[in-house]
Every structure is written in C-alpha cells, then in structure tokens.
Amino acid sequence: MDIAIDVRDLVVDRGGRRVLDGITCAVPAGSVTGLLGPSGSGKTTLIRAIVGVQVVRSGTVTVLGQPAGGPALRRAVGYPPQTPRVYPCLFNTFPT
C-alpha cells in the first residue's frame, strides 16, 4: 500500500500552548479521508502542517514522499485559509 501523507510524532505549539502532541497518522494513496474533531482540537493546525505553512516544533510530515513545505510540493499543493486575506498590493490604486 502506497502512503500519500505520512505524519510522524508531530508536535506543534502556538501561543505558548501545545496544540498537537505526538500526532502520528498515515493516509493511503487513493483514499478518501476525513478529519473530525471538536472546535479547537487542532484539525486546521494539522492540515496547515501537512501543506507546509505551519511551523512545527518536532516530528516529520511527508506528502507523496516529499517533505511538507518543500519547493516541489509548494508548486503542486494549494491551501485555502479559513479566513481569507486581502493583500492591498493586489489592488489597482490608479483612478479609473
């Protein structure tokens, strides 16, 4: 069985609080997998770590054999944040 996502002993701290503590899981390639839990349980933090936008204290995350956040994955994986951010530099500031 090929593994698409492999998370090993993942630890993430945010705001002085341990959000994820030793998470280990594997998602088989070709599977449909859900991530369920109560509000504040670390679901979004785990997804952010998987796509490489969350700083982790320790542990490893690989996606399709590549380290999370590596250049190859950044070109292939997208992540829509929960709260959209608007960057002012993207708007035309010239009068119409």
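Which one of these does T45 not meet: (1) surrounded by 12 or more Cβ atoms within 10 Å (Cβ to Cβ); (2) at positive phi?
(2)
I'd like the residue in segment 55-78 that is over 17 Å from R8 (Cβ atoms) and exposed (fewer than 12 other Cβ atoms within 10 Å of the Cβ) and, out of all such residues, is nearest to the chain's Cα centre (by Cα).
So in segment 55-78, the residues over 17 Å from R8 (Cβ atoms) come out as 71-72, 74-78.
Subsequent filtering for residues that are exposed (fewer than 12 other Cβ atoms within 10 Å of the Cβ) retains 71, 75-76, 78.
Numbers: P71: 14, R75: 14, A76: 13, G78: 10 Å.
Here the answer is G78.
Every read-out reported here was derived from the displayed coordinates using simple, explicitly stated rules and does not represent laboratory data. For clarity, every value in this text was computed on a predicted model and none was experimentally measured. Neighbour counts run over all protein chains shown; Cβ positions are idealised from the backbone, glycine included.
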